[in-house]
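Colleague: Before I ask anything, here is the structure I am working with.
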Amino acid sequence: MKKYPVIVDYLMIIVGASIMGFAIKNLYDPINLVTGGVSGIAIIMKSVAGIPLWITNTVCNIPLFLAAWKMKGWTFIKRTFTATAALSLSLYVIPEMPFLMDDLFLTSLFGGIVSGLGVGLVFLFQATTGGTDMLAALLQKLFRHYSIAHIMQVLDAMVVLLGAAVFGIRYALYALIAIYTVSKVSDGFLEGLHFSKQAYVISDRYEEIAQAVMNKMERGVTAVDAVGMYSGENKKMLFCVVSKKEIVTLREIVKGIDRKAFLIVSDVREVFGEGFIEY
């Protein structure tokens, strides 16, 4: 994987946080979608007390950063500090231009996609936007038997429930759609879009199949020693990774050589190495 200069890392963190700021200000806030975190609290505070989003986001994060800086040092918080500052600034400078307000489902779905891209970009460059992420990391010092992820889920759930109490259950349910979409989009962004297929082949004619795959598809094949527990016989199991479009060719090769072969195919998120993603 290409190693980017540190300045590029920080620029991408700022871009990701700005994308999140746009989604919060012009997609979530206009229709009262509280998706958790400090941004959700900011939406509630704006509706209840008229406090601008960027002020709540900044004020809530200041004590968290002071505590984190004291407990873990500047190295731990510097990237997250950059992302949080960029998010607050984007909430302040991005003009209000709400759209899609007449369609709650489309807004929550599109908001989740846009916000997921921003979250994925921030996470990809090893930062978060503070808020419940930072609070969960601090609380984990007190509740060591819980993971940061578990604590963060509880904190976000509490914010969503608070949003439901203020705006009604209908908006909270739409917020769940946005939360699910953010999770899927950000996970896909982090795990990569270079999906492949892995295949296991069990056949008595494994040598012919392996040669055909290597010659016709120019893909590597690995033979793994295996034992059939029913028959008690020693066997060779072939393992190989191919692109999605090549799985049809692999299936035809196996079927053409041994129609009794056992073929198992499953998804692979990313593959690093020759013929796939280069290191």
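Colleague: Checking the conditions here, which among 154, 201, 213, 159 is assigned to a strand (DSSP E or B) and not polar (S, T, N, Q)?
Modeller: Working: 154 fails: assigned to a strand (DSSP E or B); 213 fails: assigned to a strand (DSSP E or B); 159 fails: assigned to a strand (DSSP E or B).
Selected residue: 201, the only one of 154, 201, 213, 159 that is assigned to a strand (DSSP E or B) and not polar (S, T, N, Q).
Colleague: Starting from residues that are in contact with a Leu (Cβ under 7 Å, 6 or more places away or on another chain) and within 19 Å of residue 41 (Cα to Cα), keep the ones in the range 120-137 and report whichever is surrounded by the most Cβ atoms within 10 Å (Cβ to Cβ).
Modeller: 129
Colleague: Do we find that residue 196 is farther than 30 Å from residue 34 by Cα, open to solvent by less than 70 Å² (accessible area, probe 1.4 Å), at pLDDT below 90 and in contact with a Lys or Arg (Cβ under 8 Å, 6 or more places away or on another chain) in this structure?
Modeller: Working: farther than 30 Å from residue 34 by Cα: yes; open to solvent by less than 70 Å² (accessible area, probe 1.4 Å): yes; at pLDDT below 90: yes; in contact with a Lys or Arg (Cβ under 8 Å, 6 or more places away or on another chain): yes.
Criteria met by residue 196.
Colleague: OK, next. Counting just the residues of the range 222-249 that are surrounded by 14 or more Cβ atoms within 10 Å (Cβ to Cβ) and either within 31 Å of the chain's Cα centre (by Cα) or of a type in the set (S, T, N, Q) (or both), which one comes out farthest from residue 203 (Cα to Cα)?
Modeller: My answer is 243.
Colleague: Based on what the data block shows, is residue 170 among the basic types (Lys, Arg) and part of a helix (DSSP H, G or I)? Before you say what the answer is, go through the steps one by one.
Modeller: Details: among the basic types (Lys, Arg): yes; part of a helix (DSSP H, G or I): yes.
Yes, satisfied.
Colleague: Tell me the residue from 206, 146, 180 that is open to solvent by 70 Å² or more (accessible area, probe 1.4 Å) and without any contact (Cβ under 8 Å) to a residue 60 or more places away in the chain, please. Before the answer, list the steps.
Modeller: Values: 206 fails: open to solvent by 70 Å² or more (accessible area, probe 1.4 Å); 180 fails: without any contact (Cβ under 8 Å) to a residue 60 or more places away in the chain.
When all the criteria are applied, what remains is 146.
Colleague: Do you know which residues across the range 21-42 are open to solvent by less than 50 Å² (accessible area, probe 1.4 Å), under 20 Å from residue 133 (Cβ atoms), among the aliphatic types (A, V, I, L, M) and in contact (Cβ under 8 Å) with a residue 60 or more places away in the chain?
Modeller: Those that are open to solvent by less than 50 Å² (accessible area, probe 1.4 Å), under 20 Å from residue 133 (Cβ atoms), among the aliphatic types (A, V, I, L, M) and in contact (Cβ under 8 Å) with a residue 60 or more places away in the chain: 23, 24, 33, 34, 38.
Colleague: Follow-up. Which pairs have Cβ atoms under 8 Å, sit 6 or more apart or on different chains, and link a residue in the range 157-172 that is under 13 Å from residue 47 (Cα atoms) to one that is open to solvent by 90 Å² or more (accessible area, probe 1.4 Å)?
Modeller: 166/48
Colleague: Determine whether the range 209-231 contains at least one residue that is touching a helix residue (DSSP H, G or I) at 6+ places or on another chain (Cβ under 8 Å) and hydroxyl-bearing (Ser, Thr, Tyr).
Modeller: no
Colleague: Considering only the range 43-64, state which residues are buried (at least 20 other Cβ atoms within 10 Å of the Cβ), hydrophobic (A, V, I, L, M, F, W, C) and under 24 Å from residue 140 (Cβ atoms).
Modeller: 60, 64
Colleague: Considering only the range 90-148, how many residues are closer than 18 Å to residue 179 by Cβ, under 13 Å from the mean Cα position of the chain (by Cα), at pLDDT below 85 and part of a helix (DSSP H, G or I)?
Modeller: Going through the range 90-148 one residue at a time, the tally reaches 1.
Colleague: Let me ask something additional. May I ask you to verify whether residue 107 is open to solvent by less than 20 Å² (accessible area, probe 1.4 Å), within 30 Å of residue 10 (Cβ to Cβ) and β-branched (Val, Ile, Thr)?
Modeller: no
Colleague: Count, please, the residues in the range 70-83 that happen to be open to solvent by 10 Å² or more (accessible area, probe 1.4 Å) and modelled with pLDDT of 85 or more. Please lay out each step first, then the result.
Modeller: Taking the range 70-83 and keeping what is open to solvent by 10 Å² or more (accessible area, probe 1.4 Å), we get 70-76, 78-82.
Next, from what is left, pick out any that are modelled with pLDDT of 85 or more: 78-82.
Total meeting the criteria: 5.
The values are calculated or read from the model by the stated rules, or taken from the named source; none is laboratory data. Predicted model, so just to flag it, every value in this text is computed and none were measured. Reconstructed Cβ throughout: ideal geometry from the backbone, glycine too, with neighbour counts over all protein chains shown. When the accessible area is computed, the model is the full protein with side chains, heavy atoms only, and any ligands, DNA or RNA have been set aside. Shrake-Rupley method; radii C 1.70, N 1.55, O 1.52, S 1.80 Å.
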